[in-house]
Amino acid sequence: MTCIFCEILARRAPGSFIFEDDLCAAFMDIHPVTTGHLLVVPRRHAASLSELDPLDGERLFRVGQRCAAALRASGLPAEGVNFFLADGAAAGQDVFHVHLHVFPRFSGDGFGLRFPPGYGAFAARDELDEIASRLRDQWLNQ
Ligand code: 5GP
Ligand code: ZN
């Protein structure tokens, strides 16, 4: 199946690039949340984080940092910057080629996260410890 981000990276589909190197590229999102919304995309196709080469992941974050700095210095409204990465359909992933969203934030921009009912209550320590223990076991299995 054709991947739109692979097509953009190969210049078979249009893209407005600000940066590219041997491992990844950054180009403008076609449906910006705020003006300046960028996508940082690894060159090697990986549908999910589990498929992503850790070296590509490291570079993705580093390029994301530089995108954030460019946005803050650009003169565009950018009092803050959000990183967002959706891994899996349930997490909101629509394009199954890993990508990091980097977009400017400013007061009144209209963007926000919606929290589930009951959010804000403190979790019980024994429950946190039990979950942490389960995750440590998985860490060792990787
Ligand atoms: P996701 O929902 O997978 O986290 O994000 C996919 C992003 O890709 C969306 O923000 C969407 O606007 C962007 N997108 C989808 N198709 C294209 C395209 O053809 N070109 C560009 N530049 N961005 C796209
Ligand atoms: Zn791809």
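For the stretch 1-19: of the residues being in contact (Cβ under 8 Å) with a residue 40 or more places away in the chain and in a strand (DSSP E or B), which is farthest from ligand 1 (Cβ to nearest atom)? Spell out how you get there, then give the answer.
Restricting attention to the stretch 1-19, the residues satisfying the condition of being in contact (Cβ under 8 Å) with a residue 40 or more places away in the chain are 3-6, 18-19.
Adding the requirement that they be in a strand (DSSP E or B) leaves 18-19.
Values: 18: 12, 19: 14 Å.
Among them, the one singled out is 19.
Inspect the stretch 102-117 for any residue being modelled with pLDDT of 95 or more and closer than 28 Å to residue 1 by Cβ and give the result as yes or no.
yes
Restrict the check to the stretch 90-111 and report whether at least one residue is within 14 Å of ligand 1 (Cβ to nearest atom), over 21 Å from residue 26 (Cα atoms) and free of Cβ contacts under 8 Å to residues at least 60 places away in the same chain.
yes
Looking at the stretch 117-140, which of the residues that are open to solvent by 80 Å² or more (accessible area, probe 1.4 Å) and part of a loop (DSSP other than H, G, I, E, B) is nearest to ligand 1 (Cβ to nearest atom)?
Taking the stretch 117-140 as the starting set, the residues that turn out to be open to solvent by 80 Å² or more (accessible area, probe 1.4 Å) are 117, 119, 121-122, 125-127, 129-130, 134-140.
Imposing the further condition that a residue be part of a loop (DSSP other than H, G, I, E, B) reduces the set to 117, 119, 121-122.
Details: 117: 24, 119: 22, 121: 29, 122: 31 Å.
Among those residues, the one meeting the criterion is 119.
The values are calculated or read from the model by the stated rules, or taken from the named source; none is laboratory data. All figures in this text were calculated on a predicted structure; none of them were measured in a lab. Glycine also receives a Cβ, built like all others from the backbone with ideal geometry; neighbour counts cover every protein chain displayed. Accessible surface is based on the protein model in full, side chains and every heavy atom, while ligands, DNA and RNA are left aside. Shrake-Rupley method; radii C 1.70, N 1.55, O 1.52, S 1.80 Å.
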